[in-house]
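What follows is a set of notes on a single structure, which appears directly below.
The values are calculated or read from the model by the stated rules, or taken from the named source; none is laboratory data. Everything numeric in this text was worked out from a predicted model, so none of it was measured. Neighbour counts are summed over all protein chains in view; Cβ atoms, including those assigned to glycine, are modelled from backbone coordinates with ideal geometry.
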Amino acid sequence: MAETPKRATKFFTFEQYKKAFAFDGFPVWMSLSLAGLGSGLTEAVVVCPFETVKVQMQSDRSAGIDKSRTTASVAREIIKENGFGTKGIFRGLDATLGRNGIWNMFYFGIYHNLKHLIPVSEGNSQGSVSLRLLLGFTAGSLASIANIPFDVAKSRIQGPQPPTGRIYHGCFQSMALVARQEGFLALYRGLLPKVMRLGPGGAIMLVVYETVYDFLQMRT
């Protein structure tokens, strides 16, 4: 339920922000990176409620036993108990903004600023598919390395809390607490599976998007 609107928001808003930041005399690399940042921040607002529900369901050990706990029922429980704000269905919004904003900024910034290095040929204006996949993989992997502390903070804020009460509140407060209690490297916990997911995913996503975009342009 989250991925379809997330990807649609990502690419649609990136194209709009790219036009908005296309100022005369403004460095292209900066305008593309800022467009990526803007698309990530917009995307985060769309996906945050889905992330809150997803993390709660994944961390709930009774979910496999209690078949009545569906996605909709969990969402209703969160809203009923804590409301629609940042203590309820939008809990962890600041960390989600940081996670998605940083990822998109690096992802789009690296890919579009380096894509011109890929040789093009007649009938293939986008360049080699294999090289674009490699560049997309690199961009997705580096973006994952850059944003994972925000992802860890988001998971701590939206996930289970100690029996003594909530200790993870805001993004930077949670980062500082994790680093102090578990060491700085704890902020990079889960990096390998994240890169294994978003490296190939980032490669496929951009190449498919560009291919479909070119096809639709030719049709029109």
Check Gly165 against each of (1) surrounded by 16 or more Cβ atoms within 10 Å (Cβ to Cβ); (2) farther than 30 Å from Gln217 by Cβ; (3) modelled with pLDDT under 95 and name the one condition it does not meet.
(1)
So which residues in the stretch 193-220 are surrounded by 12 or more Cβ atoms within 10 Å (Cβ to Cβ) and either outside any helix (DSSP H, G or I) or of a type in the set (D, E, K, R) (or both), if there are any at all?
Lys194, Arg197, Glu210, Asp214
Selection within the stretch 24-73 - more than 28 Å from Trp103 (Cα to Cα) and of a type outside the set (Ser, Thr, Tyr):
Arg61, Ala63, Gly64, Ile65, Asp66, Lys67, Arg69, Ala72
Please go through the stretch 70-97 and give me each residue that is among the acidic types (Asp, Glu) and within 15 Å of Ala44 (Cα to Cα), ordered by number.
Asp94
Inspect all residues belonging to the stretch 1-22 and state whether any of them is touching a Phe, Trp or Tyr at 6+ places or on another chain (Cβ under 9 Å), in a helix (DSSP H, G or I) and of a type in the set (Phe, Trp, Tyr).
yes
Under 6 Å between Cβ atoms, at least 6 apart or on separate chains: pull out the pairs that start in the stretch 93-120 with a residue that is closer than 13 Å to Leu198 by Cβ and end on any residue that is acidic (Asp, Glu) and in a helix (DSSP H, G or I).
Arg99/Asp151; Asn100/Glu43
Suppose we filter the stretch 1-34 for residues that are under 23 Å from Glu51 (Cα atoms) and in contact (Cβ under 8 Å) with a residue 60 or more places away in the chain; how many remain?
5
Would you mind finding the one in Gln181, Gln161 that is in a helix (DSSP H, G or I), closer than 30 Å to Asn82 by Cα and of a type outside the set (Gly, Ala, Ser)?
Gln181
Is one or more of the residues making up the stretch 123-132 at pLDDT below 95, closer than 22 Å to Val55 by Cα and of a type in the set (Val, Ile, Thr)?
no
Of the residues in the stretch 8-30 that are among the charged types (D, E, K, R) and at pLDDT 90 or above, the one that is nearest to Ala203 (Cα to Cα) is Lys10
